[in-house]
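Read the structure below first, then the notes.
Nothing in this text is a laboratory measurement; each read-out follows from the coordinates by a stated rule. A quick note: this is a predicted structure, and the numbers were derived from the prediction, not measured. Cβ atoms come from the backbone with ideal geometry, glycine included; neighbour counts cover every protein chain shown.
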Amino acid sequence: MMGLNLRKILSLLLVIPLTLLTFVPSSYALGNPNIVEYVDGIPNYWPPGVAVDDILETKGNINELIVAFWTESVPIGGSAAEWIRGENGAFGNTEVAVQRFHDAGITVLIGAGGANEAPVTDNPEDGRRYGEAVGQFALDYNFDGVDFDIENFAVGRPDTTSEWLAEATRAVKAVYPGAIVTHAPQAPYFQKTENPNASYGYLELNEKAGDLIDSYNIQFYNQGNTAYDTYEQLFLNSGLDAPETSVKQIHENGVPLEKIIIGKPISEDDVFNTGYIPPETIAEFISQGISDGLEPGGVMGWQWKSDYDMQQQGEEAWSEVVSSPWGLNSLAAKSVSIPKGYDKYIVKPAETVICPRNKRATWDLTGGAGTKGGFDLSLDHGAHLKATVVDSTSLPDFVFEGDWEHYLEFTNTGNTDWDLDCLSAS
């Protein structure tokens, strides 16, 4: 028999009105969160590639890594210094390293700035040059994009600060159009008051260049009296010391919820003063936020080495605990072989593959001659997007993203196999 093998990249974003989600079980209505960890310190430096091995062995549910830090005014330090050593460094050949991370469903960004640098000036051209430099660095060293962790700038100058940051953001996209661009502001950088001397400029940045920014890895820690260690302060009302900087308030001031990534220290040793809460508590707060209609875009942890160290002591991966409200499943490929005679197979949620944001899910349907197949994405038991394939006809494109119930319908003359996997969007 002549076999049929159809592989189509599912690429048309499926937009579902919010009202349609009313009847969907909550576990199906959730988004695909960013689970981010910064890599600053590493436990082992030899042989080359060992850092990649260590990260992959302890990755948990991480789908984004940020290598810290590229700097312009001081020597590059942290794991970034090891990254640029290439084949002689702990990450080994960077092209190979990135491919290994991609195969595990992880994107890799270079973090720019950090606590040891103060690059912001009154001149937006300086921001442009800074962005061009780090964008080119990201290209040269095979990163998927840039995370701006810009600190040490003055309060009370929101216009000049936001313009510098906007120019840096635009410059990265000009040099590296396909780059993921994120920012990692301290939470008070979003504060909103009637006193312009108390503003830092991130709300203004969001207005100027928010369309170019994929997400904000917000540092809800090291903020003194505003510890963001209760559900009220983290999600609902931050209080008077850092006004309007809870998840809800930042969102109400113009930042989409899906771009708000809750940043917390992974261990008590990763915080200078306040803001640490156990991962189980983070998960509880996120679950409550989801129930209250305040689902964030994900969670960020500083830093991965602490996660590694805790796992060496037998503890569960930090990323798995904090991501538990989303019910994440493995990113590994799923395959099912269905015997002749079935006319519908409902894919169980446990068999669902969740792909990171720079990936697209692909179906691979294989059957005997005369196979007819259709893919039906069930969203609310009433609103379906359906595509069919008969013999060698190509499937129309559509996106499969998130933990939705979906089903594959087919009739065939022999056995039918399907496989769902995460592949590069390119």
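Where a ≥ b ≥ c are the square roots of the eigenvalues of the C-alpha gyration tensor, would you call the range 177-308 rounded, which needs a/c under 1.5, or, failing that, prolate if a/b is larger than b/c, or oblate?
rounded
Label point 7 Å out from V96 along Cα-to-Cβ: which residues of the range 51-66 have amide N under 20 Å?
51-58
Over the range 31-326, what is the mean sequence separation of C-alpha contacts under 8 Å (at least six apart), divided by residue count, expressed as relative contact order in percent?
Values: 674 pairs, mean separation 54.6, N = 296.
Relative contact order, the range 31-326: 18 percent.
Determine the alpha carbon to alpha carbon distance for each of K59/K248; K192/K264; K59/K259; K192/K259; K59/K264; K59/K173 and list only those over 20 Å.
K59/K248; K192/K264; K59/K259; K59/K173
Would you compute the Debye intensity of the range 61-110 from its alpha-carbon atoms alone, equal scatterers and no solvent, and pass along log10 I(q)/I(0) at q = 0.23, 0.28, 0.30 Å⁻¹ to two decimals?
Log-scaled intensity ratios, in q order: -0.85, -1.08, -1.14.
About the Cα centre, and with charges only on the beta carbon of Lys, Arg (+1) and Asp, Glu (-1), how big is the dipole of the range 31-326? Nearest 20 debye, please.
It works out to roughly 460 debye.
Peptides 268-277, 164-173: what's the order by average Cβ count within 10 Å, highest mean first?
Ranking, from highest mean packing down: 164-173, 268-277.
How large is the Kirkwood hydrodynamic radius of the range 31-326, in angstrom, based on all distinct alpha carbon pairs?
19.0 Å
Once fully extended, how much extra length lies between V74 and E315, figured as 0.36 nm per residue of separation less the alpha-carbon to alpha-carbon distance?
83.1 nm
Would you mind ranking I290, I180, I55 so that the residue whose beta carbon has the fewest other beta carbons within 10 Å leads the list?
I290, I180, I55
Which value, in Å to one decimal place, does the Kirkwood hydrodynamic radius take for the range 86-223 when every pair of different Cα atoms is included? Show your work: numbers first, answer last.
Working: mean 1/r = 0.0643 Å⁻¹.
This gives a value of 15.6 Å.
Just to verify a number: FRET efficiency for R85 and E194, C-beta to C-beta distance, R0 = 35 Å, to 0.05?
On the way: r = 50 Å, r/R0 = 1.44.
The computed FRET efficiency comes out at 0.10.
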